[in-house]
Amino acid sequence: MYDMEKNFERALCKDRAYAARPAVSDNKIVWQDRRDATSQNNLSFDIYMYDLEKNEETRVTEMQHEQSRPDISGNMIVYSGMAFHPLHLYAYNLKSKQHSQVDTLRMEEEDNYSISGRTIACYKSGVLSTSPGIFIYDVNSLNRETIIEGEPNSCWYGTINNSGNAIAWSQPRFNNSYDIFVHDRSTGNELRITTDDAYNLYPYVKGNNLIWVNQYMICILLNCLLMPSRR
């Protein structure tokens with residue numbers, strides 16, 4: 001972890017096992033870790049969390065099969081887990097200490113979800129999925145809302161803003177390169193952000209502001225929800 005105010009770097013876990021894919025929300029950091037793998041034949045990941053305010057580490061998952069690729073928002077953690085087949089998307093409530101199954105995933109979709117507040121966004125790739133598109137789940141009720149469905153081209157690298165109102169993703173809908181799209185849940189409008197021939201990937205949206213990686217540069221767009229809709 002790097003504290004930008006104090007210009008200080010700190011190791012959260014010193015175990016030699018492979019630790020990767022951190023995510024942060026306020027004072028909590030989650031990651032996947034192999035420290036408890038039982039043998040060379042069982043190299044499964046588990047999910048761990050570190051509370052910076054309490055200086056306390058917690059093991060979130062303790063099942064024998066693999067749990068990996070966590071994301072966190074407030075007191076909710078989402079992760080993928082597989083007991084043989086199929087792969088599932090789970091939510092974990094830090095207050096109630098309850099795990100809930102959210103959806104079934106294909107292997108190519110295991111890193112294609114995110115959480116913000118009480119909203120989980122799951123991006124179905126369309127490569128092998130029977131229901132390609134983007135779907136929203138409420139972490140309390142687990143009710144599903146369809147944002148787009150039946151898209152012939154894959155939706156990747158999705159992100160959702162802190163209010164759960166704006167959803168951004170990358171998709172090769174109109175050409176062989178990838179464009180950035182944003183869906184405004186308050187109006188139901190979809191915005192096509194990029195129209196060039198470059199690869200535009202890895203969007204991240206915070207409030208109404210959007211940042212993404214163009215194959216030639218890093219791009220920032222302020223107030224992306226105020227753009228006119230472009231199909």
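Data overview
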quantity	calculated
Gln215 paired with Ser96, simple spin-label distance in nm, labels 7 Å along Cα-to-beta-carbon	4.6
Prolate/oblate/rounded label for region 1-105 (Cα gyration tensor, a/c 1.5)	oblate
Distance (nanometres) between label positions extended 7 Å along Cα→Cβ at Ser141 and Thr104	2.4
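Read the figures in this text as sums done on the coordinates, not as results from a lab. As the structure is a prediction and not an experimental result, all values here were calculated from the model. Every residue, glycine as well, gets a Cβ built from its backbone with ideal geometry; the counts of neighbours run over all protein chains shown.
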